[in-house]
Amino acid sequence: MDNKFLDRFASNGYDNNMKKKPMTIEQLAKIVKSAFDDITSRMATKDDLRGFTTKDDLKGFATKEELRSGLYDIRKDMTEEFDRVHADMGDMKRSLMPLLRFTADNDVKIQHLQNRVDRLERKVGIGR
């Protein structure tokens, strides 16, 4: 109950510091009617609720089982695609490893050749 009801009740003669006055049935009925009137004035009516979703509107939505099934299908598709991507990455690693080794070996050979050219240029007198 809100404070309005309590205020009305207190104003009808009930106070802890005062001697209690007897209440008539008419006074009690008036208090109860006032409380109900206050509550019903704030309640939504059927017309107020018509703008909200109806049961017929909800029939177009998916059921829990349909959602679960859809999520299962999505997870299955994602898992299959991740497996394909993982397999493709493995193939790429296997293909690239020989190229990486070849490149690393050639880098070493190129460095050795560069060192030899530097020494020869210094001997001939055209080096750095």
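Before moving on, here are some points about what is shown:
- Criterion: modelled with pLDDT under 90 and of a type outside the set (G, A, S) - qualifying residue of L67, L71, L58: L58
- Selection status of T40, of a type in the set (V, I, T), more than 34 Å from the chain's Cα centre (by Cα) and surrounded by 10 or more Cβ atoms within 10 Å (Cβ to Cβ): no
- Close pairs from segment 78-95: first free of Cβ contacts under 8 Å to residues at least 60 places away in the same chain, partner surrounded by 10 or more Cβ atoms within 10 Å (Cβ to Cβ) and part of a helix (DSSP H, G or I), Cβ under 6 Å, at least 6 apart: none
The values are calculated or read from the model by the stated rules, or taken from the named source; none is laboratory data. Remember, predicted model here, so these are calculated numbers, not experimental data. Note that we place each Cβ from the backbone using ideal geometry, even for glycine, and neighbour counts take in every protein chain shown.
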